[in-house]
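Bear in mind that the values in this text are calculations on the coordinates, not laboratory data. Treat the numbers as computed from the prediction; the structure is a model and nothing was measured. Using ideal geometry, Cβ is built from the backbone for each residue, glycine included, and neighbour counts are taken over all protein chains shown.
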Amino acid sequence: MEKVAEFWNQLDEEARREILNQLSNTKSHPETFPEGLYALLFEQLSEECQNELHRYYVEIIAPQEGSQQTRFDGRIEEELPSEYSCPRCGAPGKTIQDKRGIHWKCGNCGWDTERFYDMSKEGREFHINRCAQLLKDMFPEMNFVRNFSYSPDAILTGIFEEGITNYDLGVYYFGKKIQRLRVERNQHITYEQFMGTEHDIYVIGRKTIVEKLADKDGLVVHYLLDEPKKPIGMSRLKIIRATCPQKPDRFENIQYAIPKDKRALIVTFDKKEMERLLFQDYYKIHKGNIVIK
C-alpha cells in the first residue's frame, strides 16, 4: 500500500476527483466514494476506498511506470523536456490534457498555466517586462530596470555571461537605485481570492537568492496576471523571512508560506503604501551623497 499512498498523496485534487468519479461510475456501490474524498490523504480514506485505489493502481498506473506519458481516467500527463521548468521554483513541469484542454503544471509547487511559453525562461522574462510596465504606469517618476548578471568587462567586450540574478527589477529615482524587486507571479487568482483563501500563499526561490535579497530589505511584487483591477501588490521579504513559516523542497528552493491571518499585515495592494515601501531607503541613500563644505 505504500506505493499507492505515495501515488495518491502527490496527485492534485483535480486528478483525484477524476479517478474517484471513474471508480464511482464503475462500482455497484457508488456510496463508497462520497463527495469530498479528493481532499483527503490516503491514510484518511476508508479501508474499502483504499482497497479500490490499490486495485486501480495495480491495473492502470503500475503498468505505465517508467514511461514519459501517464494516462489516468479522463486525464493524460506527460513530462516536459528538461529545458522547460517551473518559473516559480525551477521544478520539472508536466503537460496535462483533461476536460479543460491542454495546460502545463509544476510537479512541485502546483503553479499552473494554459500557455506553453510560460514554462520557458523567455516566458518568465515576458511577464517581468509586463510587470515593469504596470509599475511604471503606477509610479511614472521612477524607472524599473531589468536586472541581469554580466561579467565586469561586458561593456568593453560586448559579451554578457549568464549567471544568477538576486532580483528581477531595480528601482531608480533620479539615477539612484533605491530598491530591488523580486516578481512573484500568480495565475488564475483574483485579488479577493489572493487575500482571502484559506490556503497559504507562497513566496518561492533559491535559498541563497532569497537570503541575499532579504538582507538588503528587498521587496516581493505579487503580480496577479489575471486580475484587471489590482494586479500589483508588495511585501517586504525581510518581514516574510522573520514571521512566516518556511520549508525547503527537494529542488533546494525555500518556500515561505504567508498564512491568511497574517496576509493583510504583510502584503499591501494600496498604492500609497507601496510607494512608501519603494522609498523606504531613499533618505539613507540621499544622505550618503550629501557633502558639507
With R₀ set to 35 angstrom, the calculated FRET efficiency between the beta-carbons of E48 and Q193, to the nearest 0.05, is 0.50
FRET efficiency estimate (nearest 0.05) - Cβ-Cβ, N9 to F126, R0 45 angstrom
0.85
Residues meeting the amide H criterion for A91 (H placed from the backbone, H to H distance under 5 Å, 5 or more places apart or on another chain) are C86
What are the lysines whose alpha-carbon lies under 24 Å from the alpha-carbon of K271, with same-chain residues fewer than 8 places away excluded?
K136, K176, K177, K216, K229, K230, K238, K260, K262, K284
Full-stretch length increase - K272, Y172 - with 0.36 nm per residue and alpha-carbon distance subtracted:
34.2 nm
Charge dipole (debye, nearest 20) of the stretch 164-272; +1 at Cβ of Lys and Arg, -1 at Cβ of Asp and Glu
480 debye
